[in-house]
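Worksheet: one structure, shown below.
The values are calculated or read from the model by the stated rules, or taken from the named source; none is laboratory data. The model shown is predicted, which means the values in this text are computed figures rather than measured ones. Glycine gets a Cβ as well: all are built from the backbone with ideal geometry, and neighbour counts include every protein chain shown.
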Amino acid sequence: MIARLARTLGLLVAAAAVSTGCVTGERPTLANAAATTGDAAADAVLQRLDRAAGATFTAAYRVDTSRDGVTTSASVSQEGPTRRSVTIGEVQYLSTGDGTSTCTTLGGCADGLDPTRVSDLQVTPTLDAASPAARLRADVPRATGPPVASTETIAGQPAVCVTVPLVPTGTTVCALDSGPLARLVAADVRVELTSFTATVEEAAFVKSG
């Protein structure tokens, strides 16, 4: 009888340990998973933007700033997570195994990535993925109605889009299947993909400063 009670108590203790997570080793969590919005149309675009960090590509963009009507060219050349070069107007952002730098055609280079150099254009050095993803995640909870899914062909590439209704105007974000942004239309800025290749351009990694 005592032995049977001991075995029963042992099983109960083990079950309690499992149910409370008190077992050897770490429990799997979703802490590192990308945040979803709960809206299927928005999350389909976010899934693509989130995978852009591992892609190899060269993309050119047209940036139109609504406030002052300025149009600026931008380009991104990225080799997976190891090398990345972003040029927005006269400013170049480089991320390589040797570190990061911000360069301009007029003023040389400085260590680190300085997003303030392009803040007047309403974009950041991550205009091709992380920045529009953050905007979309912020806009969906503020939507005045259900986000609307659509598909487009942009710069000859198929893209998945979502339009989030907002006041006074909505936000549209489109992404390529490989990840990078294809289109962003918002109250303050429009970013449009003008060309795309799934290769990296070595010339983009030559410092402009």
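Looking at 159, 198, 129, 133, which is the one that is small (Gly, Ala, Ser) and either over 20 Å from residue 51 (Cβ atoms) or surrounded by fewer than 19 Cβ atoms within 10 Å (Cβ to Cβ) (or both)? Show your work before the answer.
Details: 159 fails: either over 20 Å from residue 51 (Cβ atoms) or surrounded by fewer than 19 Cβ atoms within 10 Å (Cβ to Cβ) (or both); 129 fails: either over 20 Å from residue 51 (Cβ atoms) or surrounded by fewer than 19 Cβ atoms within 10 Å (Cβ to Cβ) (or both); 133 fails: either over 20 Å from residue 51 (Cβ atoms) or surrounded by fewer than 19 Cβ atoms within 10 Å (Cβ to Cβ) (or both).
Every option except 198 fails the conditions.
Within the group 97, 89, 108, which residue is touching a strand residue (DSSP E or B) at 6+ places or on another chain (Cβ under 8 Å) and modelled with pLDDT under 95? First the steps, then the outcome.
Values: 89 fails: modelled with pLDDT under 95; 108 fails: touching a strand residue (DSSP E or B) at 6+ places or on another chain (Cβ under 8 Å).
Only one candidate passes the filter, namely 97.
Could you tell me which residue of the stretch 58-73 is nearest to the chain's Cα centre (by Cα), considering only residues that are in a loop (DSSP other than H, G, I, E, B) and in contact (Cβ under 8 Å) with a residue 24 or more places away in the chain?
66
Scan the stretch 68-101 for residues that are closer than 22 Å to residue 54 by Cα and either surrounded by fewer than 21 Cβ atoms within 10 Å (Cβ to Cβ) or not aliphatic (A, V, I, L, M) (or both) and report the count. First the steps, then the outcome.
The first filter runs over the stretch 68-101 and keeps only residues closer than 22 Å to residue 54 by Cα, leaving 74-88, 92-101.
Next, from what is left, pick out any that are either surrounded by fewer than 21 Cβ atoms within 10 Å (Cβ to Cβ) or not aliphatic (A, V, I, L, M) (or both): 75, 77-85, 87, 92-93, 95-101.
So the count comes out to 20.
Hey, could you check the stretch 165-183 for residues that are within 17 Å of the chain's Cα centre (by Cα) and either aliphatic (A, V, I, L, M) or within 16 Å of residue 145 (Cα to Cα) (or both) and say which is surrounded by the most Cβ atoms within 10 Å (Cβ to Cβ)? Before the answer, list the steps.
Going through the stretch 165-183, the residues within 17 Å of the chain's Cα centre (by Cα) turn out to be 171-183.
Cutting the leftovers down to either aliphatic (A, V, I, L, M) or within 16 Å of residue 145 (Cα to Cα) (or both) gives us 171-173, 175-176, 181-182.
Numbers: 171: 23, 172: 20, 173: 28, 175: 31, 176: 24, 181: 29, 182: 28.
Taking the candidates together, the pick is 175.
Could you grab me the full set of residues in the stretch 110-123 that are of a type outside the set (Lys, Arg) and either more than 23 Å from residue 54 (Cβ to Cβ) or surrounded by fewer than 21 Cβ atoms within 10 Å (Cβ to Cβ) (or both)? Can you show your working first?
Here is the first cut: in the stretch 110-123, the ones of a type outside the set (Lys, Arg) are 110-116, 118-123.
Correct list: 110, 111, 112, 113, 114, 115, 116, 118, 119, 120, 121, 122.
Given the criteria within 19 Å of residue 76 (Cβ to Cβ), buried (at least 17 other Cβ atoms within 10 Å of the Cβ) and in contact (Cβ under 8 Å) with a residue 60 or more places away in the chain, does residue 147 qualify?
On the way: within 19 Å of residue 76 (Cβ to Cβ): no; buried (at least 17 other Cβ atoms within 10 Å of the Cβ): yes; in contact (Cβ under 8 Å) with a residue 60 or more places away in the chain: yes.
For residue 147, the condition - within 19 Å of residue 76 (Cβ to Cβ), buried (at least 17 other Cβ atoms within 10 Å of the Cβ) and in contact (Cβ under 8 Å) with a residue 60 or more places away in the chain - is not met.
Note down all Cβ pairs under 7 Å where the first residue falls in the stretch 27-56 and is under 16 Å from residue 132 (Cα atoms) and at pLDDT below 90, the second is of a type outside the set (A, V, I, L, M) and crowded, with 19+ Cβ neighbours inside 10 Å, and they're at least six residues apart or on different chains.
Matching pairs, first to second residue: 34/50.
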